[in-house]
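Each remark here refers to the structure printed beneath this line.
The values are calculated or read from the model by the stated rules, or taken from the named source; none is laboratory data. Owing to the predicted nature of the structure, the values given are computational and were not obtained by experimental measurement. No Cβ is skipped: glycine too gets one built from the backbone with ideal geometry, and neighbour counts run over all protein chains shown.
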């Protein structure tokens with residue numbers, strides 16, 4: 001299913017452009033990353049995106065223990081101090097919400113109404129998950145590992161603790177960590193204190209926060225967040241396929257200065273530089289292109305290094321507009337697996353993984 | 001002008017309940033404090049509310065200097081190290097956006113669509129403003145001090161650096177500080193790095209971030225944010241009166257567990273405790289009352305101490321519902337100046353200072 005192009009959508013403001021009170025309730029709780037924070041290699045604390053399904057749990061770290069059970073030889077109950085006694089491992093990870101871009105879809109799937117800001121890059125420090133699973137002696141018949149958080153709520157009519165699973169082969173990756181630090185400081189409450197999972201390359205729903213329990217199981221997990229949520233479904237009857245790794249995306253720092261209310265940008269005439277970041281969960285970013293005419297023509301940006309295999313790349317592009325007037329700036333990324341951002345999105349019931357190109361309208365004005 | 005009561009508004013979902021794309025753009029950038037963070041005396045970094053008029057400036061602290069000029073005997077240009085060489089002063093301050101509650105008004109003033117989350121309490125460390133003004137030798141003919149930030153944008157058609165003023169007598173208060181630390185760490189970029197003003201008791205627009213210049217002037221400042229923004233106006237022609245100190249407000253941690261999409265709460269039958277915070281910029285909180293029947297009857301909550309004269313008070317209230325069913329929980333605060341939260345708000349063009357009582361619908365269910 002294809003939606004109308006963004007260009008035609010803009011012709012008239014449709015009912016679909018109106019956000020409901022319930023969506024607003026979510027938007028005022030969950031935090032986007034203002035796009036000018038793309039200036040930072042590592043997103044400063046408090047600017048990283050946040051999507052919290054239920055409430056942030058209040059956890060007493062001194063009483064907290066992590067349970068490791070199911071198909072293991074030696075079930076474990078581990079304190080935070082015991083976790084900290086293992087050698088620490090730090091991974092730099094760009095993490096994006098699977099719903100990023102949802103509110104740009106038509107018709108708009110009703111959930112957290114992200115536009116483009118649901119992303120951030122952090123340094124996560126903790127213990128490799130594999131270390132703990134080796135300590136517990138993972139059974140040979142285990143096929144998935146289920147991660148259960150302390151956050152509890154109702155979703156789709158089902159009361160639940162938030163829980164997601166990973167196949168054993170995905171869980172045993174070198175850089176899958178149980179993190180107790182973010183950007184060199186203690187894990188903040190809203191990012192999963194005292195312990196969270198971090199799975200590089202995957203959308204954020206995978207990296208379960210406020211971990212309570214890790215359970216090895218012998219068959220695919222059927223929890224709500226695996227079987228109903230986070231699937232690409234054409235319609236309500238479609239069982240769909242699972243949402244996993246992040247599709248490629250490039251975002252730029254909107255240049256110039258904004259209007260408070262419309263966020264419309266004004267840019268003085270003259271040479272300027274666009275800067276941005278690009279990432280993909282399917283492989284390194286191999287190309288970023290920029291358009292200044294709404295996607296009619298594309299030009300290569302200069303792609304810089306990333307802070308690690310799972311961190312975004314910086315990029316830059318020099319531009320000198322021909323004259324004053326209206327321009328639509330766009331950027332798009334391609335990854336080593338051959339995935340490229342589309343000009344028009346493909347729609348799904350949950351509004352996941354909409355990585356259509358960013359569009360930044362700017363007004364170029366004669367310099368004073 | 002009075003709006004229809006919240007009760008009648010709820011009867012049907014009106015067009016006014018729909019949020020525009022432009023408002024959503026603001027809601028995805030600006031951060032509310034999820035209400036369960038009311039559990040914390042001091043709001044953890046990253047959970048404090050954020051309202052950013054334009055963009056977060058990127059500032060090189062080593063090159064940054066603060067200018068103090070205008071009606072002073074000795075104009076100053078001060079580095080961050082020079083500011084840090086003064087004795088440090090820490091104030092614990094509850095800060096709220098003047099627009100908190102705006103999106104609960106009907107008709108809804110179109111701007112950042114806050115519901116209730118635009119608040120937070122932080123420890124701000126820096127130099128008392130008075131110290132710097134004394135160093136510069138404030139002229140006897142100065143009547144206001146103008147604070148100009150590095151953040152630049154267009155608002156109401158006017159291109160501007162964000163700027164606000166204070167009368168000299170308000171600026172010279174003991175606890176008005178130029179802060180370079182928040183909660184014991186460096187000021188984060190989004191909270192005004194490297195230096196911001198903090199004016200206890202006033203709505204947040206007063207506490208200018210990313211300070212560039214402090215200027216003593218001989219007459220009332222006529223900048224946009226003083227003369228057009230942040231005024232209580234009945235209509236566009238009304239010059240209005242200025243928005244200054246925070247009206248009293250009480251908020252509770254919504255009890256029970258939420259539904260993901262509706263945020264509707266479910267609470268098991270049995271004894272429970274409501275906890276919350278209350279504050280006012282006009283004096284200490286003297287009373288917090290709770291209602292469990294939508295505001296028909298009110299009961300005193302137990303009000304605890306605050307962490308300082310400008311910090312919120314904790315409060316608690318024990319409740320045992322009569323039986324399963326639907327309840328509407330409310331709370332309201334009164335301050336020492338006699339101000340009390342209203343049941344229905346008074347409307348103004350900018351949607352400022354809507355401190356109508358919080359309402360939390362809950363479904364009480366028989367315990368399993």
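Things to note:
- From the list B:286, B:343, the one residue that fits, being assigned to a loop (DSSP other than H, G, I, E, B) and farther than 19 Å from residue B:34 by Cα, is B:343.
- Hey, residue B:188 within 14 Å of chain A (Cβ to nearest Cβ), within 20 Å of residue A:47 (Cα to Cα) and out of contact with any helix residue (DSSP H, G or I) (no Cβ under 8 Å at 6 or more places or on another chain) or not: yes
- Subset tally (residues that are at pLDDT 85 or above and assigned to a loop (DSSP other than H, G, I, E, B)) for segment A:1-38: 5
- Residues satisfying the stated conditions in segment A:243-273, i.e. over 30 Å from residue B:19 (Cβ atoms) and in a strand (DSSP E or B): A:245, A:268, A:272, A:273
- Taken over segment B:194-222, the residue count meeting the criterion of being over 26 Å from residue B:312 (Cβ atoms) and assigned to a loop (DSSP other than H, G, I, E, B) is 6.
- Segment A:114-160, residues that are touching a strand residue (DSSP E or B) at 6+ places or on another chain (Cβ under 9 Å), within 10 Å of another protein chain (Cβ to nearest Cβ) and at pLDDT 95 or above: A:116, A:117, A:118, A:151, A:152, A:153, A:154, A:155, A:159, A:160
- Taken residue by residue, segment B:163-172 has no member that is crowded, with 21+ Cβ neighbours inside 10 Å, within 14 Å of chain A (Cβ to nearest Cβ) and closer than 17 Å to residue B:230 by Cβ.
- Test: residue in segment B:159-182 that is part of a loop (DSSP other than H, G, I, E, B), more than 19 Å from residue B:127 (Cβ to Cβ) and more than 22 Å from the chain's Cα centre (by Cα): no
- Considering B:130, B:164, the condition of being touching a helix residue (DSSP H, G or I) at 6+ places or on another chain (Cβ under 6 Å) and closer than 23 Å to residue B:310 by Cα is satisfied by B:164 alone.
- Members of segment B:242-272 found to be more than 13 Å from every other protein chain (Cβ to nearest Cβ) and more than 25 Å from the chain's Cα centre (by Cα), listed by number: B:269, B:270, B:271, B:272
- Filter result for residue B:110 (within 11 Å of chain A (Cβ to nearest Cβ), part of a loop (DSSP other than H, G, I, E, B), in contact with a helix residue (DSSP H, G or I) (Cβ under 9 Å, 6 or more places away or on another chain) and over 28 Å from residue B:246 (Cβ atoms)): no
- Residues in segment A:72-104 that are part of a loop (DSSP other than H, G, I, E, B) and surrounded by fewer than 20 Cβ atoms within 10 Å (Cβ to Cβ): A:73, A:74, A:75, A:79, A:85, A:86, A:87, A:88.
- So residue A:295, is it part of a loop (DSSP other than H, G, I, E, B), surrounded by fewer than 22 Cβ atoms within 10 Å (Cβ to Cβ) and touching a strand residue (DSSP E or B) at 6+ places or on another chain (Cβ under 8 Å): yes
- Here residue B:256 meets the list (1) over 30 Å from residue A:160 (Cα atoms); (2) modelled with pLDDT of 95 or more almost entirely, failing just condition (1).
- Considering each residue of segment A:330-352 in turn, at least one proves to be free of Cβ contacts under 8 Å to residues at least 40 places away in the same chain and surrounded by fewer than 16 Cβ atoms within 10 Å (Cβ to Cβ).
- If you check B:310, B:301, B:278, B:216 for being modelled with pLDDT of 95 or more, closer than 30 Å to residue B:140 by Cβ and not assigned by TED's automatic domain parsing to the domain that holds residue B:139, only one passes: B:310.
- Tallying residues that are farther than 30 Å from residue B:267 by Cβ and not in a strand (DSSP E or B) within segment A:119-158 yields 14.
- Within segment B:45-71, tally of residues that are surrounded by fewer than 21 Cβ atoms within 10 Å (Cβ to Cβ) and touching a helix residue (DSSP H, G or I) at 6+ places or on another chain (Cβ under 6 Å): 2
- Residues (within 15 Å of the chain's Cα centre (by Cα), closer than 30 Å to residue B:107 by Cβ and at the interface with chain B (Cβ under 7 Å from one of its Cβ atoms)) located in segment A:18-64: A:31, A:32, A:34
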